[in-house]
Structure formats: C-alpha cells, structure tokens
Amino acid sequence: MNRWIEKQRHLIDFTASSLARRKGKSLGLLVVYTLLVFVLASVSLYTHALRNEATRVLAGTPEIVLQRLIAGRHDLVPPGYVEKIGRMRGVQKIEGRLWGYYYDSVLKANYTFMVPADRNIAEGEITVGPALERSRGLAAGNGISFRAYSGELHTFIVTGVLAHESELVSADLVLMSEADFRRFFAYPEGHYTDIALWVANPQEVRNVGRKLIDALPDSRPILREEVLRTYASVFDWREGMMLALLSAAILAFGIFAWEKAAGLSAEEKREIGILKAIGWETGDVIAMKFWEGFLVSLLAFLLGYVAAYVHVFHFEFALFAPVLQGWAVLYPSFALTPRIDGVQVATLFVFTVLPYTAATLVPIWRAATTDPDTVMRS
Amino acid sequence: MIFQPAIIALLLAAGLSLAMLAAASPFAVQLIRHWDIGSGSERQLRLERLTYLFSMMMALVCGLQILSTLLFVFNADRMAVMFVGAMCAVGTLNANAYGFPALYAQLALFFLAAVWLAINRLDNQARDYPLTRLKYALLLVYAPLAALVLYLQFKHFIHLEADVITSCCGSMFSEAADTVASELGTMAPRRAIALFYTALGAAVLLALWHWRGAGRRAWGGLAVGASSVAAFFAALIGIVAFVSLYIYEHPNHHCPFCILKPEYGYQGYLLYVPLFTAAAAGLAAGVLTPFARRPSLATLAPRASARLAGIAAAGFALFAAIASVMVLRSNLILIA
Amino acid sequence: MLELANIRKAFNQGRHNEYWALKGIDLAIPPARVSVLKGPSGSGKTTLLTILGCLARPTEGRVRLKGEDISGLPERFLTEIRRRSFGFIFQQFNLVRGLSAIDNIILPGYPTGTPRAQLLQRAEALLADMQLAHRRDAKVEWLSGGEQQRVAICRALINDPEILVADEPTANLDSRLSAEFLAILRRLAEAGRTVILTSHDPLVVESAVVDRVYSLRDGQLIDVRDVRRAAP
C-alpha cells in the first residue's frame, strides 16, 4: 500500500514537472478548458439562482388564485364571489385582490399597480419598487404624477420604497390604497382582479381547487405548485436550450482535447519512449497520463467555476444576461442569492470533464503502448 | 420529454458507456478468437496492448455508473416539483414504468463493471493471463446491458410529462399500496431489524473468517459472495423499513433517497458508500474463488479473494455501525 | 546467466514486406563478463540486444534468465524483470531534457515505489562515484557529452541491476572518453555485473576490457570468440 502511494506520488511529481516544462501547450489547453467550464457554469449557476429566486418569491404567495373567465379570457371578479365561496374546509383565508398594469410613456415601461393586503396606505400616497426609485429618481417625500387611462392626471406622494431583496418581482411595483386604485383605473365598486386563497395543508390544495370549480364554474383556480412547476420547467428549458447551443462548443472542445493528446510533440514521444525503455510499464505511463488529466481538469474546473461564480453573483451575469433574462423593459438589477448544488456540479462535470476524459482515452493508450525498444531504433 | 441539462448529461453518460463497450466489442471478438499467450507474433503483441485500453474503458464505465447513478437519483429528486403528488425522487421514478428499472439496470452495470475490474486485476497478476478470454466474453455481455441502461433511461425521460399524477414515497410505502416496496416498508420494525443484523452479522463473520483463512477454502469464498448479496438486500430493506424512519424522525417516512439530501445532512452517503463498496467487494470475492482451480492462479486467486473479503467485512461492519449510531442518536421511538 | 535458444524475430509479419531480422540465434551470456555483439548495420545486433535486454519479445524461440524461461511473458511482467535485472545505456544517452541530472537518474526508480529520499541517496552515491557530484542539479542539456554519458550510467545503475546493456555506447564519444567509459565498464564487470554491448567501433571490440565477442551477419551468429581468459 505504501509503495503504491509512493509510486503515485512519483508519477504526480513527474507529470507536474512535465506540464511545467511544456508551458505553452499546457496553458493553451487550460485556457480553453477553463473557458468552457466558465461558460457552462455561468449559465447553470444563473438559471439555478433564478429558479431559487422564483421559488423563494412564490413561497410567500397564496396557494390558490381564483380568476374569473369570460370566453376564455381573464375578467374582473364580480361582487359577491368572495362571499359565495364562503367557508370552505381547509381554506385559511380568502381575499379579493386588486392589481393591474400601467404603461408609463415617459420611461416606456410597464408598472404593476397593486393594493396591498398586508399594509395600509393612506389615500394620495404610494410605495414604489426599487426600479422605479432608480429610474425616476424618486425618494420618500417626492411627488409623482401619472396620467390615468381616462386622461386625468393623478398626483401621489411617495412615502416608502420596497426592500431590494426580492427585486425580481417587486422592481416595478407601485402600492396604493384601494380608493386611489379604484379612482385611478375607474375600477367598478365591489369588483376584484382575482381572489387569493390560502390553504394550510398541501394535500388539500387540489381538493379545494376542485370544489372551487364546482362552486363557480366560470372561474379558473391557479395553484401555486402549478406556477412553480411552470417556472421550473421554463428555467430548465432555457438552460437546456443554452446547453444545446453550447453543445457545439463542447464537441469542439472534445476534438481540441483529442488533438492535444494525440498530437504529441516529438519531444514528448521521445520522453515516453525513454521511460518505457528504462523500466516504466504501460500501466505506469497510463497512470502518469491519468494524473496529468486529473490535474488539468481539476485546475480548469476550479478556475472556471470560481470565475463563473464571481461572474454570476458579483457581476450580475453581465456577459449573457440579455439571452436568459426577462420580459420586462425595466431590467431588475437584483443580486442573486449565491447557491451551489450537487446536481448542478455533477451535471457540469459530465459536460466538461467527461468529454475531456473520453477524448484523451485512446491517445493516452496509444502513447503509453509505445514499444520499449523504440529508442534503440531511431 | 423534459428538456433539461441533468437529463442530457445522464443520456450523454449512458451513451458514452454504450459507445465504448460497443466499439470495444469487435476487438473483444478478435481477442477471443486469436488470443495465444505463448506466441510472440505481432498480432499477439497487438492484442496484449489492446487489453490496456479495455481496462481503461471498463474503469471509466464503472466510474461513470457511480456518477450517473447519483445524478439520476438527485435529478429525480429535484424534478419531483414537476409532478403532482411527487415529493421526492421516488415520485419521479414512479412517474412511469421505466424509472425504477433504469435505476436497477444502472446499479447492475455498476456491480458487473466492478466485478470485471476485480477479475481483470487478478488476471493481470498471473504471468499467463489465464482469464483473458473469459474477461472479453464478459465484455460482450456488458454491451447489451449498457444498451439496456440507455434504453430505459431514454424511455423514462421521454415519457416524463410534467403534471402526471404520481405516488410519492409517502404513498408508495403506505399501507394501502400493494407492492413489494410497500411490503418492505410496512414490515414490522422488529422483524426488519432482526433480518438486518442477522444478514449483516453473517456476512461480516463469513468474510472475516475467509479473510483470516487467507481464502484457502473455495466454498468459503462462495459463501462470502452469497452472504454479501443477501446482506446487501437486507441492508436496503433495513434502510427502507427502519433506518430511514430514525433518520427522518418520522414514523411513516420510508424514503431511501431523501437521506442523501442536505436537509438530512447527507447522512445517506455515510451509509451507501460503505454498503456499496462492501457489496461489490464481497460479490467479487465470491466470483474470484473458482479461479483457484487454474494452476497459475492457485495461490493468487485465494489471496485476492481473501483481500476482497477483508474489504467486504470492513465495509459491512462500518455500515452496520453507522446505521446503529444513527438509530441510537435518533429521537424517534419506534419500538417501545 | 542469460541463454537464447533458436531465437527468431520478424517484422511486418504477414505483410508483403515481412522481414526476419534474426534467423535462429543460440547463445549464452556468461555472468560478470563483458560481452560484445558486433556486426555491420543491418546485421540484427540491435534487435538481438533488445531481446537480450527484455525490451522486446522474440517471435519464436526461448529466452532463459538464470534458468527461468521468460520468452512468453507479457510486457507487464517482462518490464518488472527488466526493471529489476537490467540497466540500459543508449547511443544517444536518451536523457530527459529539462530535468536535472539527479532527477534523470532516479527516473527508473519511480515505478518501484521506492521513497524519494532513498532514491536520492542512492543517486548521490552513484554521482559521487562517477565524480559528478558537483553537477547534481544541472539540467542535462547543459552537460558535456562525457558528463551525459556518466549520468546515463548512473541512471542505468539506480535499481542496482545485475546486467548492464549498452547500445553503441561510444558512438558519440571521442577516443579519450571512450577509453574512460571502457574503464568504467571494466570496474563494473569486476564488481560482478554482467555487461552486454553492441558496437562496431574497433576501439571497443579490440579493447582488453572485452571478454567475449559475438559476430553477427544477416541475422545469424557467425562467430563467437573468447578474447580474454582472465577470470574475475
């Protein structure tokens, strides 16, 4: 056992020194390898963080949102619906919600206007999201005017700015009182945008949903788990698309690695010939080359992953953000919560180290099975 | 079909295993037909050189199976949110009929690859390479298995549609369901515990005895192999029937996969790593014993078998110890 | 010590350019002596040396080392025997450029798993013996031809082999260095090591150091002559 360890130490020593002796070639491979890990890790870290963000945000939302449909289109919930649902087993809380979109022609952006249920806002006052704070230069105490769809101008005083934590969702939010909201949009009294229901037991959610359809056939319950599922598949799908596009890069890398491994310089061939002649066995040379691949892969993986981590969580994914991100004109500049997970790392490993290993397998074997008597025949 | 990176990665890994074994097959046939260790002909030298490549490939296949089995389970766990009623990996694997078979096929390929590597190691120690033909005949058997792994995985993934109602581990192991798995789950803890410790104890003792006796008795090796397989299944039953309950501290949570998750401190690895190592080593110890009949392996095979038995004994003992500690440290009271 | 029986070696077997480099060689190398294989280029002396040195396997025939038949052994075991029993000195010295003298010398010790400290100790003793201790850490490409030759000898001796094999060792040396080299061989043979060389250099073949000369032509042994009768 000791001898075995000692031997591996010798082989690692030798391969490290031979990598150092061939700086140009080793560096070239390392740079390309690292770049591949960096790009793939960036995409994967970013989509993963987005997914987490969405999950985190949705965790605070109601289990079921009930919408009313007319001709398959979303419509206002007429008065009396909340009462009609009444007490239903398993439902903790029911609430009619008021929210809508407003197009700001100054910034050419959409805001979400909303009446919050969990806080009271006095008439004539609003609380805005961080994106609005930035783009319109607002601060607490400032006044701002919006032109309603009817043409009237309404002026509000900003009394607060929402926290930055979940900026992905709250960036373009404007919170106001119910009276202001109804006046601004000329929203009919007693109508709501939708109804939110909180259900304590997750096993009950689907039953409640079914009962809701029975009670109000013209309505559509949207379950939080469905939204979550949709988000998850949308993000996964985007990541998958990105990877499919990048598969060409992975393939190119495989060919590159093959060439690097197969295209041994005359000097390297001579070296392996010498080693074989002076008593190294094929297995020893393979082990030596294995350690070479291990060192290069480890280094490239660490460098690429750390660089991607910094890129995603400190530089906000600056290089690829436009491809994967959002739908709104107001780009939320949210700081993602750093998170690393096992599936992701293992997946990344399969996409980078595996092609490298597979591509170098045959060239390594070829080099290692050089005849020991070659050096005497040159 | 759900298009996502981990799935592509899994298919890629399975495809690569298959591609390697398939590409090796024609050479394996050549090797079986023309192998002649006594000859110094150029063809024989070429064939001998090829064996190094095949060893490398098998090592890679074996490693790939470990990696992709882990990834498969993890990914199933993460995808559980996409299926109504699925709460962990079991739900995803149950989403269609191919999930569990794919997992089993993967594990089978892992064990077979490990056994192949053990045979290869033994063969490489004897100066006349007596098992070469056998090794490459085995290789020909493995290629279809690798194809089966790829097929089952592909079928599993292509038939995964988000929103299929599936059972989760809660319902799978609940008393209403009438499956083998549920029977295991509802096995009385006392009986499961008895089975668990009896099988593991027997495997440890047999392996220790074989190891101490330097593997001289052939039936000892076979007993180690058989008892290792038995202990492996008993251990899995034990994990489902009671060890997991103690880890989750929940009387009805039987899942063998959730223990791998960070919520439970990755405790599953502490269990599965020694268990799988021990099972593979024990199995190999059994497989190697009959080879002692070949003259050049008369001393080598028992020695290798004893060594593997030693590893198996240590692995099973470690596994049993860790499981016992987890049970004792738990706050759950299952047996008053 | 080392016996060959009816050794034949083919290249490009089964193809149109099939060529038999050795056509049935029988010989026995005496222990603790200096033996020389001589012959014109193409006579098969290097091929014969690779078989004697376990670098290659004969196509037909038997090789016996100390009575043990090693001709059919696969490379894995042949290498083990070679590592333990043979040291090699090549015509071009074949040192690994970029490594220091001492790192070159300990290379054959790597696969044996001998601890580095032990290898270094042995290498330093060998270097001192060859009056090269001061060049220990010099990169081999900065060494003179004579120094490279001596580093190569140290490398051949690091695993303490019984048999030393040298292929045209004086081809790149002038007369003075060749004489020095032969003196070293003499010393090694007197210390009990068996030495086998190939050469067509008259300086070597006719040297007083040599005990036995094997003459080859066209893959056949045409003459064996004991040139020095002194017993060690």
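The table below lists the values:
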{"item": "Peptides ranked, highest mean first, by Cβ atoms within 10 Å: ranges C:169-178, B:241-250", "result": "B:241-250, C:169-178"}
{"item": "Ranked B:His253, B:His210, criterion: other C-beta atoms within 10 Å, fewest first", "result": "B:His253, B:His210"}
{"item": "Per-residue mean of C-beta atoms belonging to partner chains within 10 Å, peptide C:42-50", "result": "2"}
{"item": "Phi-based couplings in Hz for the stretch A:142-154 (Karplus 6.51, -1.76, 1.60; Gly and Pro marked x)", "result": "6, x, 9, 10, 10, 8, 6, 5, 6, x, 5, 9, 10"}
{"item": "Ellipticity estimate at 222 nm from DSSP helix runs (n ≥ 4, -39,500 (n - 2.57)) divided over chain B, nearest 500", "result": "-24500 deg cm²/dmol"}
{"item": "Rounded, prolate or oblate (a/c below 1.5 giving rounded, otherwise prolate when a/b exceeds b/c) for chain B by Cα gyration tensor", "result": "oblate"}
{"item": "In sequence order, calculated HN-Hα J values of the stretch C:188-201 (Karplus, 6.51, -1.76, 1.60; Hz; x Gly/Pro)", "result": "5, 5, 5, 7, x, 8, 8, 10, 10, 10, 10, 6, 10, 7"}
{"item": "Placed amide H near A:Leu264: partners under 5 Å, 5+ positions off or other chain", "result": "none"}
{"item": "Taking N as its residue count, the alpha carbon Rg of chain C over 2.2 N^0.38 Å", "result": "1.01"}
{"item": "Charge context of C:Asp69, other residues only, Cβ under 11 angstrom, K/R +1, D/E -1", "result": "+2"}
{"item": "Burial order of peptide ranges C:140-152, A:210-222 (average beta-carbon count within 10 Å, highest first)", "result": "C:140-152, A:210-222"}
{"item": "Residue-by-residue Karplus 3J(HN,Hα) for the stretch A:290-297, coefficients 6.51, -1.76, 1.60, Hz, glycine and proline x", "result": "4, 5, 4, x, 4, 4, 4, 5"}
{"item": "Least to most buried among B:Thr132, A:Thr159 (fewest other Cβ within 10 Å first)", "result": "A:Thr159, B:Thr132"}
{"item": "Positive minus negative residues near C:Ala32 (Lys, Arg vs Asp, Glu; Cβ under 10 Å)", "result": "-1"}
{"item": "Cα centre as origin, Lys/Arg/Asp/Glu Cβ charges: the stretch B:1-172 dipole, Debye", "result": "420"}
{"item": "Signed unit charges on C-beta, dipole axis of chain B, positive-most listed residue B:Asn96, B:Asn120, B:Leu140", "result": "B:Asn120"}
{"item": "Degrees between helix A:342-368 axis and first principal axis of chain A (Cα, 0 to 90, nearest 10)", "result": "20"}
{"item": "Sequence ranges A:283-291, A:86-94, ranked by mean other-Cβ count within 10 angstrom, highest first", "result": "A:283-291, A:86-94"}
{"item": "Shielding by partners, peptide A:350-362 (average Cβ within 10 angstrom, other chains)", "result": "4"}
{"item": "Cα-based shape type of the stretch A:64-222, given that a ≥ b ≥ c are square roots of the gyration tensor eigenvalues and the cut on a/c is 1.5", "result": "prolate"}
{"item": "Listed residue (A:Ile250, A:Val227, A:Ala196) projecting farthest to the positive dipole end of the stretch A:155-268, Cβ model", "result": "A:Ala196"}
{"item": "Estimated distance in nm for a label pair at A:Arg119 and C:Asp174, the labels positioned 7 Å out from Cα along Cα-to-Cβ", "result": "9.4"}
{"item": "Summed residue charge, Cβ within 13 Å of C:Leu55's Cβ, Lys/Arg positive, Asp/Glu negative", "result": "+1"}
{"item": "Charged-residue dipole, Cβ positions (Lys, Arg, Asp, Glu), the stretch C:129-232 about Cα centre, Debye nearest 20", "result": "240"}
{"item": "Residues with amide H under 5 Å from that of B:Phe83, placed H, sequence gap 5 or more", "result": "B:Asp163"}
{"item": "Which of A:Glu259, B:Glu42 has the fewest Cβ neighbours within 10 Å, and the rest in rising order", "result": "A:Glu259, B:Glu42"}
{"item": "Rg ratio (alpha-carbon, reference 2.2 N^0.38 Å) - the protein assembly as shown", "result": "1.25"}
{"item": "Inter-chain Cβ neighbour average for residues A:283-289, partner chain, 10 Å", "result": "3"}
{"item": "0 to 90° range, to nearest 10: angle between helix A:224-262 axis and chain A longest Cα axis", "result": "20"}
{"item": "For the stretch C:2-226, size of Cβ-based charge dipole, Lys and Arg +1, Asp and Glu -1, in debye", "result": "340"}
{"item": "Hypothetical label at A:Asp341: residues of the stretch B:47-72 whose amide nitrogen lies under 19 Å (7 Å Cα-Cβ projection)", "result": "B:68-72"}
{"item": "Unit charges at the beta carbon, dipole of chain C: most positive-side option, C:Pro74, C:Pro169, C:Ile105", "result": "C:Pro74"}
{"item": "Residues with amide H under 5 Å from that of C:Leu164, placed H, sequence gap 5 or more", "result": "C:Gly87, C:Thr194, C:Val195, C:Ile196"}
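Rule-based calculations on the coordinates, nothing more; no lab input. Fair warning: this is a prediction, and the values are worked out from it, not measured in the lab. Note that we place each Cβ from the backbone using ideal geometry, even for glycine, and neighbour counts take in every protein chain shown.
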